[in-house]
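Single-structure report; data block below.
Here, each number is a calculation from the coordinates, and none is a lab measurement. Everything quoted here is computed from the prediction, not taken from an experiment. Cβ: placed from backbone, ideal geometry, glycine included. Neighbour counts: every protein chain shown.
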Amino acid sequence: MKSQLDRNLNANTLVPLLSNDEFSSQFMSLIKDLNEAKGSSRINNSARAMAHSDDFGMASRNYWQSTWELGELPKPFKALIRYKVATRNTCFYCSTHQIEHLRKMGVEEDKIKNIQDSDNHEAFSEPEKAALSFVDHMMIDASNIPNKVADNFKNHYTPKQMVEIALTATVMVSLNLFNDAFRVPIEDEVVGIGLDVPEL
């Protein structure tokens, strides 16, 4: 049986991954600006797939970036939420990238390695457990989140924070679905990180 890394790298991507010289000048400018904000020079394969539709691709990536930059939640916490959602949705591509972000921001390895047991593991604070449990149940069945999960979430966060947590989670869902449906492979630079993704 192939590993999840092998399956990702050997999938038949639905659309060609465009090379730099195939990008429109507008899309390339946007990607460079977003990369500068992230402190990265790599153009991710997800962007190479989205570049086939400039207007949709640019609008989507601007929205995703704005949810990252705006609000009062710390970015390491946002990345932890994104990672929880990506693992729940079994998106290998997004899980790999979130591990990369979390490590760059100095998030403890215990949290990265035990994200699937965030309800119980001692590495997570009680507020983190409350938020991660809530977004996990959002992914399972948003219309039937248990009252105890919702109440615990409310007990730890302000309404503003609750909205930011939920929207951070829903943004990641759209990325998960796109990258999985289009069978986007991780980049060569992060293959080593892909080995650390928990079995999804």
| When ranked by the protection proxy of mean other Cβ atoms within 10 Å per residue, highest first, what sequence do the peptides 175-183, 61-69, 76-84 form? | 76-84, 175-183, 61-69
| note | For segment 75-194, the dipole about the Cα centre with charges only on Cβ (Lys and Arg +1, Asp and Glu -1), to the nearest 20 debye, works out at 340 debye
| task | Express the relative contact order of the chain as a whole percentage, based on alpha carbon pairs under 8 Å and six or more residues apart in sequence. | result | 34 percent
| Which one of V197, V135, A37 has its Cα pushed farthest toward the positive end of the charge dipole of the chain, where Lys and Arg give +1 and Asp and Glu give -1 at the Cβ? | V135
| In nanometres, what is the gap between the two model label sites at E126 and L177, each 7 Å from Cα along Cα-to-Cβ? | 3.6 nm
| said: Please compute the modelled spin-label separation between K104 and K154, points set 7 Å along Cα→Cβ, answer in nm with one decimal. | reply: 3.8 nm
| field | Estimated [θ] at 222 nm from DSSP helical runs (n ≥ 4, -39500 (n - 2.57)) normalised by residues in the chain, nearest 500 | value | -19500 deg cm²/dmol
| Estimated dipole of the chain in Debye, rounded to 20 [Cβ of Lys and Arg +1, of Asp and Glu -1, Cα centre] | 180 debye
| remark: Mean separation of Cα contacts under 8 Å (at least 6 apart) over the residue count of segment 75-194, i.e. the relative contact order in percent, is 38 percent
| message | Tell me the label only: which of [x] 0.97; [y] 1.12; [z] 1.17 is Rg/Rh (Cα atoms, Kirkwood Rh) as calculated from this structure? | response | [x]
| message | If the reach is capped at under 28 angstrom between alpha carbons, list the lysines near K148, excluding any in the same chain fewer than eight residues apart. | response | K75, K78, K84, K111, K113, K129, K160
| task | Could you work out the relative contact order of segment 19-69, using alpha carbon pairs under 8 angstrom and six or more residues apart, expressed as a whole percent? | result | 36 percent
| Of N10, T67, G106, which is farthest on the positive side of the dipole of the chain, counting Cα position, with +1 on Lys and Arg Cβ, -1 on Asp and Glu Cβ, and the Cα centre as origin? | T67
| query | Against the longest principal axis of the chain, how steep is helix 54-69, in degrees 0 to 90 to the nearest 10, with axes from Cα atoms? | reply | 40 degrees
